[in-house]
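Since the structure comes first, as structure tokens, the remarks are kept for the end.
The values are calculated or read from the model by the stated rules, or taken from the named source; none is laboratory data. If you're wondering where the values come from, they're calculated on a predicted model, not measured in any experiment. All Cβ positions, even for glycine, are placed from backbone atoms using ideal geometry, and neighbour counts span all protein chains on display. Ligands, DNA and RNA are excluded from the accessible area calculation, which covers all protein heavy atoms including side chains. Shrake-Rupley method; radii C 1.70, N 1.55, O 1.52, S 1.80 Å.
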Amino acid sequence: MKNALAAEWLKLRTVRAPYGLIAAIGVMIAFGATISWLMVRDYDTSSAAEQMKFGSADASVVITPVVQFCVAALGALVATSDPRLGALTAVPDRKRLLAAKSALVATTAVVIGAVALTLSIGTSWLIMGDRPPPVAPWDSLGDVLPWAGAAVLSILVTGLTGLGLGLALRSTAVTIVVVGVLLWGLPAVTPMLPSPWNMDASGVMVPYLVWEVAGVVNDPPLGPLAAVACLFIYVVVTLGAGTVTLLRRDA
């Protein structure tokens, strides 16, 4: 297992694509910080009545969907970077190979998610300073931890989902398109459904599950535990499909 994991890590760090994804996340963090700064600047020059209409200047709300997508794309790359399964020459045990890929994606997703959320939330906190709600959504570190934890969990889930879809579809491009539909396409369509289907369908979409896991929305379709279970189902279905494909396909 150790050698298989080392081999997967070597493949990941010796290609350019992961660095491009990390750079994209870095650009979005800087962009989010700029948006927060512009919002706070506008807030400071507005009247008291107008200030009450402002939204949160927390840039992590904007950053999280981008990190989810980039990490899912990273999972897809780990799955599809060896289309002919040449790695089986060094690691004939397919279950061990799958475990190594899963461990690599999970660890990388958590590290990237934790670093991105820390930088984004920390920068927003510095920019917002001691300004009151609604522009500053937190009063203390304890207020932000549920949201940050839920966001990192969702990033872990999307990474493993990308891996599972990549193993099942065997195409980086197709996998990234499917991930885009899951993360952005369907969540944009479900609110248009007739009531109450719109709320029920939206409640199981990954972007909304983050809020439900954090428990920061009023009267959500799912409670925190049910939302965590729903995220777990995403992993089980996609990674399960990828596992079946990997174990049954020809090398």
Globularity index of the chain, i.e. its alpha-carbon radius of gyration over 2.2 N^0.38 Å: 1.10
So for the pair residue 141, residue 44, with labels modelled 7 Å out along Cα→Cβ, what separation do we get in nm? 2.6 nm
Let me check I've understood the local charge: for residue 50, count other residues with C-beta under 15 angstrom from its C-beta, Lys and Arg +1, Asp and Glu -1. What total comes out? +1
Measure nothing but the geometry: give the 0 to 90° angle between the long axis through the Cα atoms of 2-13 and the longest principal axis through the Cα atoms of the chain, rounded to 10°. 60 degrees
Angle between the chain longest axis and helix 224-248 axis [Cα atoms, degrees, rounded to 10]: 20 degrees
First select every other residue whose beta carbon is under 14 angstrom from the beta carbon of residue 139; then total the charges, Lys and Arg +1, Asp and Glu -1. -2
Computing the accessible area with a 1.4 Å probe over protein heavy atoms, can you report the carbon and sulfur percentage for the chain? 69 percent
26 Å Cα cut-off, lysine pairs counted over the chain (separation 8 or more, or different chains): 5
Protection proxy ranking, peptides 108-121, 225-238, average beta carbon neighbours within 10 Å, highest first: 108-121, 225-238
For region 108-121, in residue order, the Karplus 3J(HN,Hα) values (coefficients 6.51, -1.76, 1.60; θ = phi - 60°; whole Hz; Gly and Pro = x) are 4, 4, 5, 5, 4, x, 5, 5, 4, 5, 4, 5, 5, 5
Using amide H atoms built 1.01 Å from N in the peptide plane, name the residues 5+ places from residue 58, or on other chains, whose amide H lies under 5 Å from its own. none
